[in-house]
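K.L.:
Sharing a structure here in C-alpha cells format.
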Amino acid sequence: MRQVELRPAPRWIPGEVVFEVHSRAHGPVGEVAYMQLDRASGSAEVGIVIFERFRGMGYGEAALRALLDHLFQSVGLRRVWLRVLPANRPALRCYRKCGFRVVREVRWPLLGILRYLVMELRQEDFQSQKEEVAGEEGQEVSDMAESAGTVHP
Ligand SMILES: CC(C)(COP(=O)(O)OP(=O)(O)OC[C@H]1O[C@@H](n2cnc3c(N)ncnc32)[C@H](O)[C@@H]1OP(=O)(O)O)[C@@H](O)C(=O)NCCC(=O)NCCS
C-alpha cells in the first residue's frame, strides 16, 4: 500500500479538521477531513479528495486508512461515517476497500429519488480488518523468505 503522511492543513474551516495528504514521491496529493465530531457518541463524518492527477494510484485508500487510524486510535472514536453519491464509483470502491458499509439510503422527499448513501465503519471492524491484512502480509513475507531459502527465527 502507498505510504502517506497527514499534515494539518494551514487553513481553518469552521467545524472541520483538515489534513493535507503528503506522499514522499509526489508531495501534496490531496486532502482529508473530519467534521460533525460528536464526543458523546464517539463519531464523526469524514471527507476526502485526491487531486485529479494523482487519482487511481492508491492514494485515496492510503489517505483514508491514515485518517481512520488517527480517528480511532488518537481521537478515540468508535464510529466514522460518510455520505457518498451512488454514482461515485471510485469513492464507493475506495470506501468499501477500507471496510465501510452502506447503512442508509437518503431519498428526496416526495420524489423518492435516491439522493445519497450513508456509509459507516466501526472501530472494531476496522481493527479486525487491519489485523487480517497484517496477517496476510506477514504470510506473504514468510512465503517469499521460504522460497528464497531464508529462514527467520
Ligand atoms: C474517491 C477518491 C478519493 C478515490 O481516490 P483514489 O486515489 O483515486 O483511489 P485509489 O487509487 O486508492 O483506489 C481505490 C480503489 O478504487 C478504485 N478506483 C479508483 N478510481 C476508479 C475509477 N475511476 N473507477 C472505478 N474504480 C476506481 C481503484 O481501482 C481501487 O480499487 P482496487 O484496488 O480494487 O483496484 C478520488 O477519486 C477523488 O478524490 N475523487 C473526487 C472527490 C470525491 O469524489 N470524493 C469523495 C466524495 S464522497
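Here, each number is a calculation from the coordinates, and none is a lab measurement. Small disclaimer: the values here were computed from a predicted structure and weren't measured. All Cβ positions, glycine included, derive from the backbone under ideal geometry; neighbour counts span all protein chains shown.
K.L.:
Can you put ILE48, ILE113 in order of Cβ neighbours within 10 angstrom, beginning with the fewest?
P.N.:
Values: ILE48 19, ILE113 7.
In order of increasing Cβ crowding within 10 Å: ILE113, ILE48.
K.L.:
Right, another one. Hey, can you rank 127-134, 115-122, 69-76, 10-17 by average C-beta count inside 10 Å, highest first?
P.N.:
Numbers: 127-134: 12.4, 115-122: 18.4, 69-76: 14.8, 10-17: 10.2.
Order by mean packing, descending: 115-122, 69-76, 127-134, 10-17.
K.L.:
Given the options TRP81, VAL18, LEU111, identify the residue whose Cα lies farthest towards the positive end of the charge dipole of the range 4-122 (+1 on Cβ of Lys, Arg; -1 on Cβ of Asp, Glu).
P.N.:
Projecting each Cα onto the dipole axis, the largest value belongs to LEU111.
K.L.:
Now, a different point. Just want the ordering: TRP108, TRP81, from fewest to most Cβ atoms lying within 10 Å of their own Cβ. Show your work: numbers first, answer last.
P.N.:
Numbers: TRP108 9, TRP81 17.
Result, fewest neighbours first: TRP108, TRP81.
K.L.:
Can you check what the net charge comes to around VAL106, using other residues whose Cβ is under 10 Å from the Cβ of VAL106 (Lys, Arg +1; Asp, Glu -1)?
P.N.:
Values: positive: ARG83, ARG104, ARG107, ARG115; negative: GLU105.
Counting the neighbours of VAL106, the net charge comes to +3.
K.L.:
How compact and how long is the chain, expressed as Rg and Dmax of its alpha-carbon atoms in Å?
P.N.:
Taking only Cα atoms of the chain, I get Rg and Dmax of 17.8, 67 Å.
K.L.:
Measuring from the lowest to the highest alpha carbon on each principal axis, how far does the range 92-132 reach, largest first, in angstroms?
P.N.:
44, 18, 8
K.L.:
Any idea how far apart GLU5 and ARG39 come out in nm if each label point goes 7 Å out from Cα toward Cβ?
P.N.:
Rounded to a tenth, the inter-label distance reads 3.0 nm.
K.L.:
Is it possible to state the helix-based mean residue ellipticity at 222 nm for the chain, with each DSSP H run of 4+ residues giving -39500 (n - 2.57), the sum divided by total residues, to the nearest 500 deg cm²/dmol? What is it? Mind dumping the intermediate values first?
P.N.:
Numbers: 3 runs with 45 residues, N = 153.
For the chain, the value works out to -9500 deg cm²/dmol.
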